[in-house]
Amino acid sequence: MRDTLIGIVALGIISVFAVKHLDQKAASITATPQQDEQVMRTEPSYVAAAYADIIRIPRADNGHYYADLAINRRNVKVLVDTGASILALRESDAELAGLYPRHNDFTQPISTANGQTMAALMRADEVELGRLIVRDVDVFILPDESLAISLLGMNVLSELGSITFDKNELVIERSL
């Protein structure tokens with residue numbers, strides 16, 4: 001019994017010594033402030049990227065949400081419009097994206113805030129918002145005088161992911 005008690009006490013003393021020694025060793029290998037800053041900068045984006053792609057679009061002063069899309073790898077500024085069924089491009093924006101409707105392609109009657117007009121139904125190879133990409137997207141192309149700004153419609157928004165409004169921003173999140 002006495003030998004067991006001495007063994008337990010000795011084990012305790014060794015454990016205390018080992019913990020103190022390991023703490024001193026750990027303290028001597030901590031990162032420099034510059035390394036800590038670098039880890040803190042990269043860690044959040046790494047964690048976010050591991051679970052989801054998130055796009056945050058700030059609300060403009062007029063209460064609307066504007067985004068820069070890449071349509072067929074060409075930049076187009078759009079108004080995010082949850083009331084628009086389909087991505088609608090001004091004819092000049094469509095041409096920037098490499099979509100060239102002919103005069104006789106404008107066969108689709110549609111209603112806009114500016115009234116009734118005719119649109120050309122075409123297809124974009126890809127639409128990209130940040131890192132989120134949707135392929136083979138239907139696009140209405142309207143004459144410039146019928147549309148003040150191109151509209152990001154629900155056919156793209158619903159494919160990008162879940163949409164929420166958080167304070168003064170629209171958040172689109174695609175879970176991986």
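The values are calculated or read from the model by the stated rules, or taken from the named source; none is laboratory data. As the structure is a prediction and not an experimental result, all values here were calculated from the model. FYI the Cβ positions are ideal-geometry reconstructions off the backbone, even for glycines, and counts take in every protein chain you see. Surface accessibility is based on the protein's heavy atoms, side chains included, excluding ligands, DNA and RNA. Shrake-Rupley method; radii C 1.70, N 1.55, O 1.52, S 1.80 Å.
Would you confirm, using the coordinates I've provided, whether SER85 is within 30 Å of ASP53 (Cα to Cα), open to solvent by 20 Å² or more (accessible area, probe 1.4 Å), touching a helix residue (DSSP H, G or I) at 6+ places or on another chain (Cβ under 7 Å) and not in a strand (DSSP E or B)? If you could, list the steps in order and put the result at the bottom.
On the way: within 30 Å of ASP53 (Cα to Cα): yes; open to solvent by 20 Å² or more (accessible area, probe 1.4 Å): yes; touching a helix residue (DSSP H, G or I) at 6+ places or on another chain (Cβ under 7 Å): yes; not in a strand (DSSP E or B): yes.
When the stated conditions are applied, SER85 passes them.
Select from the range 111-134 the residues that are surrounded by fewer than 16 Cβ atoms within 10 Å (Cβ to Cβ) and more than 23 Å from TYR65 (Cβ to Cβ) and list them in ascending order.
Initial filter on the range 111-134 (surrounded by fewer than 16 Cβ atoms within 10 Å (Cβ to Cβ)): 111, 113-116, 118, 121, 123, 125-126, 131, 133.
Answer for the range 111-134, where residues must be surrounded by fewer than 16 Cβ atoms within 10 Å (Cβ to Cβ) and more than 23 Å from TYR65 (Cβ to Cβ): GLY115, GLN116, MET118, LEU121, ARG123, ASP125.
So which residues in the range 137-176 are at positive phi and surrounded by 15 or more Cβ atoms within 10 Å (Cβ to Cβ), if there are any at all?
Our first condition is that a residue be at positive phi; within the range 137-176, this holds for 161, 167.
Within the range 137-176, GLY161 is the sole residue that qualifies.
When you scan the range 54-79, how many residues do you find that are of a type outside the set (Lys, Arg), open to solvent by 20 Å² or more (accessible area, probe 1.4 Å) and within 14 Å of ILE163 (Cβ to Cβ)?
Result for the range 54-79: 3.
Of everything in the range 93-130 that's assigned to a strand (DSSP E or B) and acidic (Asp, Glu), which residue is farthest from VAL80 (Cα to Cα)?
Looking only at the range 93-130, we keep the residues that are assigned to a strand (DSSP E or B), and these are 106-112, 115-129.
Those left that are additionally acidic (Asp, Glu): 125-126, 128.
Working: ASP125: 20, GLU126: 17, GLU128: 14 Å.
Among residues in the range 93-130 that are assigned to a strand (DSSP E or B) and acidic (Asp, Glu), the one farthest from VAL80 (Cα to Cα) is ASP125.
Okay, residues lined up against (1) among the aromatic types (Phe, Trp, Tyr); (2) touching a helix residue (DSSP H, G or I) at 6+ places or on another chain (Cβ under 9 Å):
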{"position": "GLU91", "(1), (2)": "no, yes"}
{"position": "ALA97", "(1), (2)": "no, no"}
{"position": "TYR100", "(1), (2)": "yes, yes"}
{"position": "ALA120", "(1), (2)": "no, yes"}
{"position": "ARG123", "(1), (2)": "no, no"}
{"position": "ARG131", "(1), (2)": "no, yes"}
{"position": "ILE149", "(1), (2)": "no, yes"}
